[in-house]
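The values are calculated or read from the model by the stated rules, or taken from the named source; none is laboratory data. Every value quoted in this text rests on a predicted model; they were computed, and no experiment measured them. Every residue, glycine among them, receives a Cβ derived from its backbone with ideal geometry; neighbour counts consider all protein chains shown. These area figures cover heavy atoms from the full protein model, side chains too; ligands, DNA and RNA do not enter into them. Shrake-Rupley method; radii C 1.70, N 1.55, O 1.52, S 1.80 Å.
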Amino acid sequence: MLTYISIIVTAIFINNIVLAQFLGICPFLGVSKRTDSALGMGAAVTFVITLATTVTWCLQTYLLDPLGLQFLQTILFILVIAALVQMLEIMMRKIAPALYMALGVFLPLITTNCAVLGVAILVVQKGYSLSESIAYALATSAGFALAMWLFAGIREQLALTPVPRGMKGVPLALVSAGILAMAFMGFSGIKIG
């Protein structure tokens, strides 16, 4: 139980996928102008990362490792992630059109989100079991969603304040992201267990 708590707290706060490992920066900066779009992207990423991590862990464990084909890991994982997102998009369009309309914009963006591939590769490198991999994927996704939601809230507040012309837009967003990353560094002193 302590192992899972350690995995979850570490993935969400200490080694946040966006703020500490710098994976998923494109959607972090691009979709974080409003909190509702940030939450939508966070929910979509959570689902896709968890599903992709589960499938890729199984492929690594039961196909690539026994056959000695570990060198195909990155290519296979990219193909699996792209196929999962496409299948998910098709299924959602038919089964849950309302959910598709809510997440439809974000699904194609997830295919190119390096956080999805990063988590799939990290669980293999860390040697996690399937249940630990799923816990890590869920926690990492939650950390991604938390960081995006916090950053979107900051950007919404900054849009209401007077800012020097040279700092408007991307420069202020990057400075704010840096300050948020430093705030998350404060969690690095937490010791679990």
Residues of the range 165-193 being over 23 Å from the mean Cα position of the chain (by Cα), open to solvent by 90 Å² or more (accessible area, probe 1.4 Å) and without any contact (Cβ under 8 Å) to a residue 24 or more places away in the chain, in sequence order, are 165, 168, 191
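Out of the range 11-33, which residues are assigned to a loop (DSSP other than H, G, I, E, B) and at pLDDT 85 or above?
Taking the range 11-33 as the starting set, the residues that turn out to be assigned to a loop (DSSP other than H, G, I, E, B) are 15-24, 31-33.
Listed by number, the residues that qualify are 15, 16, 17, 18, 19, 20, 21, 22, 23, 24.
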Which numbered condition residue 90 fails, given (1) open to solvent by 30 Å² or more (accessible area, probe 1.4 Å); (2) of a type in the set (Val, Ile, Thr); (3) closer than 30 Å to residue 190 by Cβ | (3)
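Go through 111, 50 for me and flag whichever is within 19 Å of residue 147 (Cα to Cα) and in contact with a helix residue (DSSP H, G or I) (Cβ under 9 Å, 6 or more places away or on another chain).
Details: 111 fails: within 19 Å of residue 147 (Cα to Cα).
Residue meeting the stated conditions: 50.
Test residue 166 against the criterion of being over 25 Å from residue 55 (Cα atoms) and at pLDDT below 95, and give yes or no.
Working: over 25 Å from residue 55 (Cα atoms): yes; at pLDDT below 95: yes.
Yes: the conditions hold for residue 166.
Across the range 120-157, which residue is most open to solvent (accessible area, probe 1.4 Å) among those that are hydroxyl-bearing (Ser, Thr, Tyr) and under 16 Å from residue 15 (Cβ atoms)? Outline the logic, then answer.
Just the residues of the range 120-157 that are hydroxyl-bearing (Ser, Thr, Tyr), to begin with: 128-129, 131, 133, 136, 140-141.
So of that shortlist, the ones also under 16 Å from residue 15 (Cβ atoms) come out as 128, 133, 136, 140-141.
Working: 128: 47, 133: 1, 136: 13, 140: 3, 141: 0 Å².
That would be 128.
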Count of residues meeting criterion [open to solvent by 10 Å² or more (accessible area, probe 1.4 Å) and hydrophobic (A, V, I, L, M, F, W, C)] in the range 27-81 | 20
